[in-house]
1. Enumerate the pairs (first residue in region 125-152 and over 21 Å from VAL72 (Cα atoms); second residue anywhere and in a helix (DSSP H, G or I) and open to solvent by 60 Å² or more (accessible area, probe 1.4 Å)) with beta-carbon separation below 7 Å, excluding pairs fewer than 6 apart on the same chain, so at least 6 apart or on different chains.
2. Test of understanding: among THR116, THR134, THR103, THR122, which residue is polar (S, T, N, Q) and assigned to a loop (DSSP other than H, G, I, E, B)?
3. Just the residues that are open to solvent by 70 Å² or more (accessible area, probe 1.4 Å), modelled with pLDDT under 80 and not aliphatic (A, V, I, L, M), please, taken from region 38-82.
4. I need a count of the residues in region 155-178 that are assigned to a helix (DSSP H, G or I), in contact (Cβ under 8 Å) with a residue 60 or more places away in the chain and open to solvent by 60 Å² or more (accessible area, probe 1.4 Å).
5. Does at least one position in region 68-81 carry a residue that is part of a helix (DSSP H, G or I), under 30 Å from GLY161 (Cα atoms) and of a type in the set (Ser, Thr, Tyr)?
6. For residues that are open to solvent by less than 60 Å² (accessible area, probe 1.4 Å) and under 24 Å from PHE160 (Cβ atoms), tally how many sit in region 104-135.
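The values are calculated or read from the model by the stated rules, or taken from the named source; none is laboratory data. None of the values given here were measured: they were computed from a predicted structure. Heads up, the Cβs are rebuilt from the backbone with ideal geometry, glycines too, and the neighbour counts pull from every protein chain shown. These accessible areas exclude ligands, DNA and RNA; they are computed on the full protein's heavy atoms, side chains included. Shrake-Rupley method; radii C 1.70, N 1.55, O 1.52, S 1.80 Å.
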Amino acid sequence: FKPLKRQWKAAGVYEAFIIALFAEMYGFPLTVFLLSSFSGMSLGFGHIQGHLLASLLSMTGILSLETGWMLVMFASNLLIVIGLILVSSGWEEIHRANGGLVTGGIYEYIRHPQYTGIIALTIGFLVQWPTLITLAMWPILILMYYRLAKSEEREMEERFGESYKECKRRVPMFLPGLKI
C-alpha cells in the first residue's frame with residue numbers, strides 16, 4: 001500500500017489539503033472569524049452558518065439559509081460521490097488489466113479518471129466547506145496531480161509506445177471533450 005517514491009509529493013499535498021479542511025471544519029473556524037472581522041458581516045459560528053456558500057445565498061436574498069444549506073449539501077455530496085465513483089472505477093480497470101495498457105471502461109473517455117475523481121472530490125469539499133487555507137491549497141493540489149499525470153504519461157509512452165500515443169490522441173486527459 002506504500003506509494004512509490006515519486007508519488008509522495010502528490011500524496012503529501014492531498015493529505016495536507018484534507019487535514020487543513022477538516023482541522024478548520026471541526027476546529028476553530030478561522031475563515032468565519034476573519035470574514036466576519038474584516039467584512040463586518042455577522043456569519044455566526046453555527047453549523048449551517050459555517051457553510052459559507054449557504055450563508056452567501058441567504059445574505060443576498062436568493063434563498064433562505066436552510067434552503068441554501070440543502071442546495072450546498074446536495075451539490076457537494078453529488079461531486080463527492082462522482083469523485084469516489086471515478087476513483088474506484090479507474091482503480092478497478094487498472095487492477096483488471098494486470099499490468100497491461102487500459103483503454104476500456106472509463107479510460108475510453110478520460111486518461112486519468114482517478115485524478116479527475118480526486119479533483120471532483122476536493123471541489124465537493126470546497127463547495128461544502130470553503131476555507132481560506134483550502135482555497136489557497138487547492139490550486140497547488142491540482143498542479144501536483146497535473147504534474148504527476150504528465151510524469152505517468154511519459155512512463156506510459158516509454159512502456160507501451162505507439163499504442164499509448166494513439167490513446168493520448170483520442171482520449172482527453174481529465175474531462176471528456178476537453179483536449180488537454
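1. MET144/LYS9; SER151/ARG6
2. Working: THR116 fails: assigned to a loop (DSSP other than H, G, I, E, B); THR134 fails: assigned to a loop (DSSP other than H, G, I, E, B); THR122 fails: assigned to a loop (DSSP other than H, G, I, E, B).
So the residue among THR116, THR134, THR103, THR122 that is polar (S, T, N, Q) and assigned to a loop (DSSP other than H, G, I, E, B) is THR103.
3. Matches in region 38-82: PHE38, SER42, PHE45, HIS47.
4. In the first step, residues of region 155-178 are kept if they are assigned to a helix (DSSP H, G or I); the result is 155-160, 162-170.
Next cut, in contact (Cβ under 8 Å) with a residue 60 or more places away in the chain only: 163-164, 167.
Those still in the list that are open to solvent by 60 Å² or more (accessible area, probe 1.4 Å) too: 163.
Number satisfying all stated conditions: 1.
5. Start the filter on region 68-81 by keeping residues that are part of a helix (DSSP H, G or I), which leaves 68-81.
Imposing the further condition that a residue be under 30 Å from GLY161 (Cα atoms) reduces the set to none.
No - not one qualifying residue is present in region 68-81.
6. Total meeting the criteria: 13.
Let's see how each residue does on (1) of a type in the set (Phe, Trp, Tyr); (2) under 16 Å from the mean Cα position of the chain (by Cα); (3) part of a helix (DSSP H, G or I):
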{"residue": "GLY61", "(1), (2), (3)": "no, no, no"}
{"residue": "ILE85", "(1), (2), (3)": "no, yes, yes"}
{"residue": "ARG96", "(1), (2), (3)": "no, no, yes"}
{"residue": "TYR107", "(1), (2), (3)": "yes, no, yes"}
{"residue": "PRO130", "(1), (2), (3)": "no, yes, no"}
{"residue": "ILE142", "(1), (2), (3)": "no, yes, yes"}
{"residue": "LEU148", "(1), (2), (3)": "no, yes, yes"}
{"residue": "GLU153", "(1), (2), (3)": "no, no, yes"}
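Let's see how each residue does on (1) hydrophobic (A, V, I, L, M, F, W, C); (2) in contact with a strand residue (DSSP E or B) (Cβ under 6 Å, 6 or more places away or on another chain); (3) within 27 Å of ALA16 (Cβ to Cβ):
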{"residue": "VAL81", "(1), (2), (3)": "yes, no, yes"}
{"residue": "GLY104", "(1), (2), (3)": "no, no, no"}
{"residue": "LEU121", "(1), (2), (3)": "yes, no, yes"}
{"residue": "LEU141", "(1), (2), (3)": "yes, no, yes"}
{"residue": "TYR146", "(1), (2), (3)": "no, no, yes"}
{"residue": "GLU153", "(1), (2), (3)": "no, no, yes"}
{"residue": "TYR164", "(1), (2), (3)": "no, no, no"}
